[in-house]
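The values are calculated or read from the model by the stated rules, or taken from the named source; none is laboratory data. Keep in mind that this is a model prediction, so the values were computed, not measured. Neighbour counts run over all protein chains shown; Cβ positions are idealised from the backbone, glycine included.
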Amino acid sequence: MGQPATDRIEIVKPQSLRHAIDWLTSAAEDGSPLTLLAGGTDIYVLLNAGVPLQGRFLDLWGLTELRPAPVVSGGSLVFGALTTYTDCIRSALVQKHLPILVQASREVGGVQIQNRGTLGGNIGNGSPAGDSLPVLAAADAQVVLASVNGERTVPLTEFYSSYRKTVRRPYELIVRVEVPLAPLQKQKQIFRKVGTRAAQAISKVVMAAVGPQIAFGSVGPTVVRARKVEAYLREGGRSLAAAQRLLKQEIHPIDDVRSTGVYRLKVAQNLLAELGTLDAHK
Amino acid sequence: MKLTVNGQAHAISAAPGKRLLDTLREDLKLTGTKEGCGEGECGACTVLIDGEAVNSCLVPTCQAEGTKILTVEGLAQNPRWRKLQKAFLECNAAQCGICTPGMMLSACALPPQPTLQQIRVGLAGNLCRCTGYVKIYDAVKKALG
Amino acid sequence: MSKVKNRRLKVVGKRVPRTEGADKVTGRARYIDDMQFDHMIYGATVRTTIPRGRIVSVERDTAFDWSGFTWVDHRDIPGKNIVAMIVEDQPFLAVDRVEHQTEPVALLAHADRARLAEGLKAVRITYQEEPPVLDFETATEVLKELSIARGDLAAGLALADKIIEGTYRTGHQEQLYIETNGMIALPGANGFPEGVTAYGSMQCPYYVVKALEKLFRLDRERIRVVQTTTGGGFGGKEEYPSIVAGHACLLARKAGVPVKMIYERHEDLIATTKRHPSIITWRAGVKSDGTLTAIDIDMRLDGGAYMTLSPVVLSRAAIHATGPYRTPSVRIRGRVMKTNTPPNGAFRGFGAPQSQFAAEVHMDRIAEVMGIDPIELRRRNLFQTGDTTATGQVLHDRVSADEVLDKALAKHRVAHRRSKKTKKLAGTGIAMFFHGSGFTGGGEVRLASRAGVELLPDGVRLLVGSTEIGQGTRTMLAQIVAESLELPYAFVKTIDPDTAQVPDSGPTVASRTCMIVGTILQRASAKLRIELGPYKSGDDFKKRAKALLKKRGTVVIIDQYEKPGEIEWNDETYQGDAYGAYAWGCNLADVEIDPLTYEARCTAFTSVIDIGRAIHPLLAEGQIEGGTLQGIGWALFEDVVMKNGVMQNANLTNYIIPTTLDAPHIAVEIVENPYPNGPFGAKGVGECPIDGPAAAIVNAIRDASGARLDAIPATPERIMKVLG
């Protein structure tokens, strides 16, 4: 087929995390920021489609420092930014503490995508349809950004400023994702991806819940926590209809080639029944 | 760049960002790996990198440097994969054949003696429009089951 | 042939290896994109970006560096700027009119693909836009119209206790062969420097030859077309390859070097043909016992901007519109409407899936209204041997509609494990169908297909223009010849169809290759046996072959289609024997619907089809399984989203076809009631499997949830709307 001009793009390969951050810093200072490249499952799709991506790419794939096995540390489940979906699926710790991330990982593309797609890439790319994002949002995940100035931590729910825009500064790099374990204890976890096709679908609606913490994907410009519904549940609310009315106030899904806003809203509302704490007859 | 493809070491001078798919097909003349979509949806370009299935249309060649790559042309070197090729032939798992190389490579990454559900999950990233997948399951079960 | 019937078959009915199978599992098979020629450059197409209007100018950006480019527009066409098809309405390259988006206007070639892509962006077309017609339901321009009538409709309706109406819609469907369209053109052919040669992915090499004859005003010996290993077709490589080949040849002639044109997936999706969308209204007169007294059907198909093959799609849709049911009075009216959208064309089933979708969903509607079990209602109306079809064809050969129904019901019970208790809504649906093999009516007589065998010292070589596109043509034809010659399968050699070497065996479409071309080869083989004289073994054959070749140099026997004596057809009245033989089929589908998300999943599927004889049971099953899943995709997922006359979801991420996890367990049973005029009893198998699945699934959705769908795809959005 018509090969894209991938042999013309410039890729720089840092030797270490430190080296990568130095490069990011100097590129940002020059006003020619580097595009971050991890497993390529988003960037190469764009390149193949002929989207002209300007400038140089910083290839993070070889940075083993960013791909330790998920560990429990300091009361959190800690993921390196280059943790792949396959790493999540295979991790006994993730299966134990955050099984809905395993479930979400299994529903991301085929095995080939699971082997190459990374949590850091999914977060950084910031598609509202990113499958891991509702799980991480519901679980109060923290995104750790590193720069020459050290590290800073941003809750995932505050990481996005608008559609595909993040608070990451051009000289910063996502290095870790941390999910605090305490809120996970004894909480029911639910993940539902609605994508029509059983495998390899881009979602029309995603819901993830950790106890009373509920997040949705594909229903707005960014992943969204259903704060009003959550508050209602915390107050002991039991009526499904009331929760559905509240949800309608906080999500505003749109029509696109994949689905309609009407369908997305209705299904998001229906999925609240999956929480198991709401009564359809109240 | 140094790539090891089907057990053979190659030194090539491709651009680092060139798709692994194009490096295989053009620089190494291994045209058994196919392109069907360029989106990572169809899986026709599947190869194994260090034993893991990837879509070679989404992999920059520089990320495959120093790895061991397996393509359809290398299957005959291994008795287990030869058995898979034979089963694909005997079970009519290859109709038009364009998805076949990628499909077989994904099958190579399945767990040993896969169940039907494991086969379906493991091949969900490979689209076939000819077979309805039935004969593909038969072939994989016959060879690996 | 009767002699053959009495002996035990040694090759036909056996699971021999595919002729080209080893190449496909080793990666050796060469598809068009795998081929290289010296000095080869790359071609691309400049396309229109509005649905209707006048082209004011086509300009190349003067600031752009055009060195190394080859440019072709309509002025470079030496012959007629018309794609040869049924009527002469479609240009190879638009001149001043735009009839649809993605219409080819000019061609570019360059040695560097990246430069080529930049060149495409440096061409500007200016238009005078005109309001387009985008909705075929309200369109007024008729491309083709036909009507079939038998019996007295008014009288039939008067006999009915109830008249039941319904209107049904189906959308576009993309063939979605995994190998996109592609060609390599070379200047010169068969020793003539002014000729043209095209290698590529295609179903019908001689369609391409005919198109190039007209485009270049060349005689046939100056044109050579070679089919390369083809990665799926499903009808999608019936007519469009003529356009791709024409374009590539125009560039190659002008550039003086080979030109490769391979469509990217996006281009293939937005520019090439799809299944015709349909709207079909049924009016059925029914007696209280469920007997049909009258059927009145009105159908409209969306033809797109040009005629292409729409008349024959309409004809097949109309002839199959009653489904496999008898009625004393019937009227079928059909129209293909012109819209300013890319032309629709051939796709497996060729109109019959659309019309039988309407028929089978309506049969369930009738059953519901009349309070009769849907299976019982069908039993009361199914064609029986000796019944007469809408075109007045008396079904003399065994009609096995009842038999496939019984077998499907039995098979469905035993083949599928019942799913455990689920929160989902579960149901089962049925669809029955029939499908005529070969070209409609007098079509085969007009085609006058030719095929034959060439004697070799150690066997024979097939000389046939029919193409292997995955369905197993080459293997199946080799089996027929081996069996006819009573030789081992390995004695029959095959080649890629190359018009410099093989005769015109007609297009590889319409479930015709096995039944029609197979019969021609069977006859050619019989003639060869006469030439050779009797032989007792393979070795004996070789001795006789060598002797005969020594005497004659070459021995080639080409035979031609002969119409079976009893078949009669009148093109004026549209009455007569529409097809030589029909396949009969029954589908059962289990469906589950998620009450929260409205997603329907097909969990189990059964298909039982009478195909006369399975020349190769595994290949035949493969056709049925593949056609079934393609039908399930059409029923549930495959939605071409059009906006302003162009496909919006033109990638595999958003145009969704079934994966392994969407495919149900498919149980297949082949029924063999031999057709006397087919090779070893064979009828066609390629298309019929896609006639039933959509209706079976929509009927199952009704059974599961009460949702009454009149349209497919049965997307969750649509099911939600219906459930309210």
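Just checking, which of C:Pro679, C:Pro693 is touching a Ser or Thr at 6+ places or on another chain (Cβ under 8 Å), in contact (Cβ under 8 Å) with a residue 12 or more places away in the chain, buried (at least 24 other Cβ atoms within 10 Å of the Cβ) and within 21 Å of C:Asp402 (Cα to Cα)? Steps first, please.
Numbers: C:Pro679 fails: within 21 Å of C:Asp402 (Cα to Cα).
Only one candidate passes the filter, namely C:Pro693.
To keep it simple, each residue is scored yes or no on (1) assigned to a strand (DSSP E or B); (2) under 30 Å from C:Asn651 (Cα atoms); (3) modelled with pLDDT under 95; (4) aliphatic (A, V, I, L, M).
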| position | (1), (2), (3), (4) |
| --- | --- |
| A:Leu136 | no, yes, no, yes |
| A:Val144 | yes, no, no, yes |
| A:Glu151 | yes, no, no, no |
| A:Tyr171 | no, no, no, no |
| A:Arg192 | yes, yes, no, no |
| A:Ile202 | no, yes, yes, yes |
| A:Ala208 | yes, yes, no, yes |
| A:Ala215 | yes, yes, no, yes |
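So if I check each of C:Arg18, C:Arg28, which one is within 31 Å of the chain's Cα centre (by Cα), more than 21 Å from C:Val259 (Cα to Cα), part of a loop (DSSP other than H, G, I, E, B) and free of Cβ contacts under 8 Å to residues at least 40 places away in the same chain?
Values: C:Arg18 fails: free of Cβ contacts under 8 Å to residues at least 40 places away in the same chain.
Going through C:Arg18, C:Arg28 in turn, the sole match is C:Arg28.
What's the number of the condition C:Arg348 fails, among (1) of a type in the set (Lys, Arg); (2) within 28 Å of C:Gly429 (Cβ to Cβ); (3) not in a loop (DSSP other than H, G, I, E, B)?
(3)
Among the residues of the stretch C:7-54 satisfying the criterion of being β-branched (Val, Ile, Thr) and at the interface with chain B (Cβ under 8 Å from one of its Cβ atoms), which is surrounded by the fewest Cβ atoms within 10 Å (Cβ to Cβ)?
In this case the residue turns out to be C:Thr26.
Tell me, which helices (runs of 4 or more DSSP H) lie completely within the stretch A:1-95 with 1 or more residues that are within 14 Å of another protein chain (Cβ to nearest Cβ)?
In the stretch A:1-95, A:43-48, A:85-90 are the helices (runs of 4 or more DSSP H) which contain 1 or more residues that are within 14 Å of another protein chain (Cβ to nearest Cβ).
Can you find a residue that is in a helix (DSSP H, G or I), β-branched (Val, Ile, Thr) and more than 21 Å from C:Thr508 (Cα to Cα) anywhere in the stretch C:353-365?
Yes, the stretch C:353-365 has at least one match.
Kindly provide the set of residues from the stretch A:185-200 that are charged (D, E, K, R) and farther than 25 Å from A:Ser76 by Cα, ordered by number.
A:Lys193, A:Arg197
Determine which member of the set A:Arg258, A:Arg238 is in contact with a strand residue (DSSP E or B) (Cβ under 9 Å, 6 or more places away or on another chain) and either modelled with pLDDT of 95 or more or closer than 20 Å to C:Lys721 by Cα (or both).
A:Arg238
So which of C:Leu153, C:Leu157, C:Leu120 ends up being within 14 Å of chain A (Cβ to nearest Cβ) and at pLDDT 95 or above? Step through it out loud before you land on a result.
On the way: C:Leu153 fails: within 14 Å of chain A (Cβ to nearest Cβ); C:Leu157 fails: within 14 Å of chain A (Cβ to nearest Cβ).
Criteria check complete, one pass: C:Leu120.
Search the stretch B:4-16 for residues being aliphatic (A, V, I, L, M) and within 11 Å of another protein chain (Cβ to nearest Cβ), and hand back the single one that is surrounded by the most Cβ atoms within 10 Å (Cβ to Cβ). Outline the logic, then answer.
Looking only at the stretch B:4-16, we keep the residues that are aliphatic (A, V, I, L, M), and these are B:5, B:9, B:11-12, B:14-15.
Okay, now just the ones that are also within 11 Å of another protein chain (Cβ to nearest Cβ), so B:14-15.
Numbers: B:Ala14: 21, B:Ala15: 19.
Residue satisfying both the conditions and the ranking: B:Ala14.
Return the residues of the stretch B:120-135 that are within 14 Å of chain A (Cβ to nearest Cβ) and within 26 Å of C:Thr230 (Cβ to Cβ); say none if nothing qualifies.
Answer for the stretch B:120-135, where residues must be within 14 Å of chain A (Cβ to nearest Cβ) and within 26 Å of C:Thr230 (Cβ to Cβ): B:Leu123, B:Ala124, B:Gly125, B:Asn126, B:Leu127, B:Cys128, B:Tyr133.
To keep it simple, each residue is scored yes or no on (1) assigned to a loop (DSSP other than H, G, I, E, B); (2) touching a residue at least 24 places away in the same chain (Cβ under 8 Å); (3) at the interface with another protein chain (Cβ under 8 Å from one of its Cβ atoms).
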{"residue": "C:Thr597", "(1), (2), (3)": "yes, yes, yes"}
{"residue": "C:Gln623", "(1), (2), (3)": "no, yes, no"}
{"residue": "C:Leu629", "(1), (2), (3)": "no, yes, yes"}
{"residue": "C:Trp634", "(1), (2), (3)": "no, yes, no"}
{"residue": "C:Asn654", "(1), (2), (3)": "yes, no, yes"}
{"residue": "C:Ile657", "(1), (2), (3)": "yes, yes, yes"}
{"residue": "C:Ile666", "(1), (2), (3)": "no, yes, yes"}
{"residue": "C:Glu669", "(1), (2), (3)": "no, yes, no"}
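Please work out which residue is farthest from C:Gly538 (Cα to Cα), limiting yourself to the stretch C:467-500 and to residues that are in contact with a strand residue (DSSP E or B) (Cβ under 7 Å, 6 or more places away or on another chain), polar (S, T, N, Q) and more than 14 Å from chain B (Cβ to nearest Cβ).
Out of the qualifying residues, it is C:Thr499.
With the requirement that a residue be out of contact with any helix residue (DSSP H, G or I) (no Cβ under 7 Å at 6 or more places or on another chain) and either crowded, with 20+ Cβ neighbours inside 10 Å or among the hydroxyl-bearing types (Ser, Thr, Tyr) (or both), what does the stretch A:46-65 give you?
A:Leu47, A:Phe57, A:Thr64, listed by residue number.
Out of the residues in the stretch C:201-236 that are under 16 Å from C:Arg30 (Cβ atoms) and within 14 Å of chain B (Cβ to nearest Cβ), which is surrounded by the most Cβ atoms within 10 Å (Cβ to Cβ)?
Restricting to residues being under 16 Å from C:Arg30 (Cβ atoms) and within 14 Å of chain B (Cβ to nearest Cβ), the top hit is C:Met202.
Considering the stretch C:559-595 alone, what residues qualify as being among the acidic types (Asp, Glu) and either touching a residue at least 24 places away in the same chain (Cβ under 8 Å) or buried (at least 22 other Cβ atoms within 10 Å of the Cβ) (or both)?
Correct list: C:Asp559, C:Glu562, C:Glu566, C:Asp571, C:Asp577, C:Asp590, C:Glu592, C:Asp594.
Quick test for you: out of C:Ala255, C:Ala284, pick the one residue that is crowded, with 24+ Cβ neighbours inside 10 Å, over 20 Å from C:Gly349 (Cβ atoms) and among the hydrophobic types (A, V, I, L, M, F, W, C). Full working, then the answer.
Working: C:Ala255 fails: crowded, with 24+ Cβ neighbours inside 10 Å.
The unique qualifying residue is C:Ala284.
Among the residues of the stretch C:98-114, write down those that are over 28 Å from the mean Cα position of the chain (by Cα) and in a strand (DSSP E or B).
C:Ala106, C:Leu107, C:Leu108, C:Ala109, C:His110, listed by residue number.
Filter the stretch C:460-484 down to the residues that are surrounded by fewer than 23 Cβ atoms within 10 Å (Cβ to Cβ) and out of contact with any Asp or Glu (no Cβ under 9 Å at 6 or more places or on another chain) and list them by number.
Scanning the stretch C:460-484 gives no hits.
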